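What follows is a short report on a single structure.
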Amino acid sequence: MKKLRSRAWFDNPENIDMTALYLERHLNHGLTREELQSGKPIIGIAQSGSDLNPCNRHHIILAQRIREGIREAGGIAFEFPVHPIHENSKRPTAGLDRNLAYLSLVEVLYGYPLDGVVLTIGCDKTTPAMLMAAATVNIPAIAFSVGPMLNGWFKGKRTGSGTIIWKAREMMAAGEIGYEEFIELVASSAPSVGYCNTMGTASTMNSLTEAIGMQLPGSAAIPAPHKDRGAMAWRTGKRIVDMVHEDLKPSDILTKQAFHNAIVVNSAIGGSTNAPIHINALARHIGVDLDITDWQKLGHHIPLLVNLQPAGEYLGEDYHRAGGVPAVVNELMKKGLIHEDAPTVNGKTIGENYRDTPILDDDVIRPFGTPLKSDAGFLVLRGNLFDNAVMKTSVISAEFKDRYLSNPDDPDAFEGKAVVFDGPEDYHHRIDDPALEIDEYTMLFMRGTGPIGYPGAAEVVNMRPPAYLIKRGIHALPCIGDGRQSGTSGSPSILNASPEAAAGGNLAILQTGDRVRMDLRAGTVNAMISDQEIARRRAELDAKGGYPYPDHQTPWQEIQRGLVDQLGDGAVLKPAVKYQRIAQTKGLPRDNH
Ligand code: FES
Ligand code: MG
């Protein structure tokens, strides 16, 4: 049997002084030498739940069952806190903290006596932050989801996380509801513990963590309050101990095939536009070649099977009842779209795990032959304003299609006047200003909202039209920007434009009134201005020091701004990528005394 790395702390005959030092303090709350020197694996529980992260807070309860599973299998649990990341409360963005939590967890997993770890995933960025760290350190790791909230209801209709806000703000702008009903309507969408119940970034990333092989089959979609969630916590705790004995590591699971499976599943579930950012970041940290254009190549032709808001009508409870990730993967497998040999944390392959897991409600999860939409994956667009940007085509509405994509001579293209906003404050301030002369053929641009500009990349590119247009029945205009968009938004925006304005991207030189043409077949978005004019404006802006962004407010904002990559490349910390599989390549850290 392989020597456990925790032995170097608790049972090192070559340095008994240090062994004594490491042991004595861990004995001070009642753990015994018998346990710590027994050769049992020490298993970390990376605890992401706290009062600051209500989405993951239920992990505090579930961790008890994880511990019991670890004990049952002959391991010892060491629970520790992860830097909190809460999507809805962290200012200026939770995106800023993903890489901070990543860095911190790398230090913890590498620098403490841990032989394996359970990653308690859930709220949007908690999932990628922890997976990325496990990839960099590469000790045995298993993810455990907190599960989605129960369905929200208001006056007999399902109200979904986030999605209801985008709808309610339109209703308020149109004068249909007042402040009280606005708040009541939005709050109805969050009836229990758990993460967002729509197919937003949380459901997406939790589903993809299962599809990529990093959590137990059937785990992702179980609602947080269900008894099965507790049972799965126990099974996960049991399993990680065996993984340590088998030396089954993230690098064994996160293969190129696994990433390709994740892209295919993302299209079928109608996954968030944040997925390419996080999945590409994970690929870079484990050392798998994955490009932003792979998302279109491998994912665009895949149909939308999962009928969840914002692309469809149902919510998390329904997804689980209909079979969750296993049913989706099974359906895709039948069409030969999944690499069945990809290994998973339970020691079996994707094919073995999901061969017998059919759809249980075919309105919630559609059979391949009767999807909600065909060709539902992302388009990756480029042009003279940016090198790459992502468009979620599964949420293109009939209204949108009719208005912008119905010219019989040019069915995939649209040309309009640009109205440009510098950040969300500028947009909120001016969107209803009649002087902008926004009509139904205007394209709204948002810049200054990328990883450097904001910082952390804000989810602000989905902009509602002016109130006077909503009253006339215009519910969506084309939106393009260098920020992100909430996964719960149904807006078919063009997002994550890289490079961002603050990193020298040409969105910085676009002006209100410029004509812009998007061509979805050609995969381009181009401002209809000459190269000379672009060069002239660029020189003028550069002479002023480039596109401005606000002062750093914290040390981390400054540090991250100096090191972060663009959204199309996963927004990773550039110097971090060269540190690969450090538990194997860097040996153990030195003793501390
Ligand atoms: Fe935490 Fe959506 S805000 S999961
Ligand atoms: Mg969000």
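The values are calculated or read from the model by the stated rules, or taken from the named source; none is laboratory data. As the structure is a computational prediction, the values presented were derived from the model and not from experiment. Neighbour counts run over all protein chains shown; Cβ positions are idealised from the backbone, glycine included.
Hey, among the residues in the range 198-221 that are surrounded by 24 or more Cβ atoms within 10 Å (Cβ to Cβ) and more than 14 Å from ASN266 (Cβ to Cβ), which one's nearest to ligand 2 (Cβ to nearest atom)?
Looking only at the range 198-221, we keep the residues that are surrounded by 24 or more Cβ atoms within 10 Å (Cβ to Cβ), and these are 198-215, 219-221.
Going one step further and asking which of them are more than 14 Å from ASN266 (Cβ to Cβ), we end up with 198, 213-215, 219, 221.
Numbers: THR198: 11, GLY213: 25, MET214: 22, GLN215: 21, SER219: 23, ALA221: 19 Å.
If we take residues in the range 198-221 being surrounded by 24 or more Cβ atoms within 10 Å (Cβ to Cβ) and more than 14 Å from ASN266 (Cβ to Cβ), then THR198 is nearest to ligand 2 (Cβ to nearest atom).
Out of the residues in the range 192-209 that are among the small types (Gly, Ala, Ser) and more than 11 Å from ligand 1 (Cβ to nearest atom), state the one that is farthest from VAL364 (Cα to Cα). Spell out how you get there, then give the answer.
Within the range 192-209, the first condition is being among the small types (Gly, Ala, Ser), and the residues that meet it are 192, 194, 200, 202-203, 207.
If we keep only those that are more than 11 Å from ligand 1 (Cβ to nearest atom) as well, we get 192, 207.
Values: SER192: 21, SER207: 15 Å.
Among those that are among the small types (Gly, Ala, Ser) and more than 11 Å from ligand 1 (Cβ to nearest atom), it is SER192.
Quick check, is LEU105 away from ligand 1 (no atom under 14 Å from the Cβ) and crowded, with 24+ Cβ neighbours inside 10 Å?
Criteria met by LEU105.
Looking at the range 440-459, can you tell me whether even one residue there is over 25 Å from MET199 (Cα atoms), out of contact with any strand residue (DSSP E or B) (no Cβ under 8 Å at 6 or more places or on another chain), more than 16 Å from ligand 2 (Cβ to nearest atom) and without any contact (Cβ under 8 Å) to a residue 40 or more places away in the chain?
Within the range 440-459 (the criterion being over 25 Å from MET199 (Cα atoms), out of contact with any strand residue (DSSP E or B) (no Cβ under 8 Å at 6 or more places or on another chain), more than 16 Å from ligand 2 (Cβ to nearest atom) and without any contact (Cβ under 8 Å) to a residue 40 or more places away in the chain), the answer is yes, since at least one residue qualifies.
Run VAL244 past the list (1) β-branched (Val, Ile, Thr); (2) under 16 Å from the mean Cα position of the chain (by Cα); (3) more than 16 Å from ligand 1 (Cβ to nearest atom) and report the number of the one that doesn't hold.
Among (1) β-branched (Val, Ile, Thr); (2) under 16 Å from the mean Cα position of the chain (by Cα); (3) more than 16 Å from ligand 1 (Cβ to nearest atom), VAL244 violates only (2).
Considering only the range 362-373, I want to know if a residue exists there that is within 19 Å of PRO478 (Cβ to Cβ) and under 26 Å from the mean Cα position of the chain (by Cα).
Yes, some residue in the range 362-373 is within 19 Å of PRO478 (Cβ to Cβ) and under 26 Å from the mean Cα position of the chain (by Cα).
LEU248 is checked against (1) surrounded by fewer than 24 Cβ atoms within 10 Å (Cβ to Cβ); (2) in contact with a Ser or Thr (Cβ under 8 Å, 6 or more places away or on another chain); (3) outside any helix (DSSP H, G or I) and fails just one. What number does that condition carry?
Every listed condition holds for LEU248 apart from (2).
Here's the yes/no breakdown for (1) β-branched (Val, Ile, Thr); (2) within 16 Å of ligand 2 (Cβ to nearest atom); (3) at pLDDT 95 or above; (4) on the phi < 0 side of the Ramachandran plot:
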residue: PRO81; (1), (2), (3), (4): no, no, yes, yes
residue: HIS86; (1), (2), (3), (4): no, yes, yes, yes
residue: LEU96; (1), (2), (3), (4): no, yes, yes, yes
residue: THR126; (1), (2), (3), (4): yes, yes, yes, yes
residue: MET132; (1), (2), (3), (4): no, no, yes, yes
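Report the residue count in the range 31-83 for those that are of a type in the set (Ser, Thr, Tyr) and in contact with a Ser or Thr (Cβ under 7 Å, 6 or more places away or on another chain).
Our first condition is that a residue be of a type in the set (Ser, Thr, Tyr); within the range 31-83, this holds for 32, 38, 48, 50.
Now drop any that are not in contact with a Ser or Thr (Cβ under 7 Å, 6 or more places away or on another chain), which leaves 48.
Going through the range 31-83 one residue at a time, the tally reaches 1.
Please specify each residue of the range 51-79 satisfying the condition of being small (Gly, Ala, Ser) and either in contact with a Pro (Cβ under 7 Å, 6 or more places away or on another chain) or on the phi < 0 side of the Ramachandran plot (or both). Show your work before the answer.
Pass one, the range 51-79, residues small (Gly, Ala, Ser): 63, 69, 73-75, 77.
The answer is ALA63, GLY69, ALA73, GLY75, ALA77.
How many residues does the range 169-187 contain that are within 16 Å of ligand 1 (Cβ to nearest atom) and surrounded by 17 or more Cβ atoms within 10 Å (Cβ to Cβ)?
1
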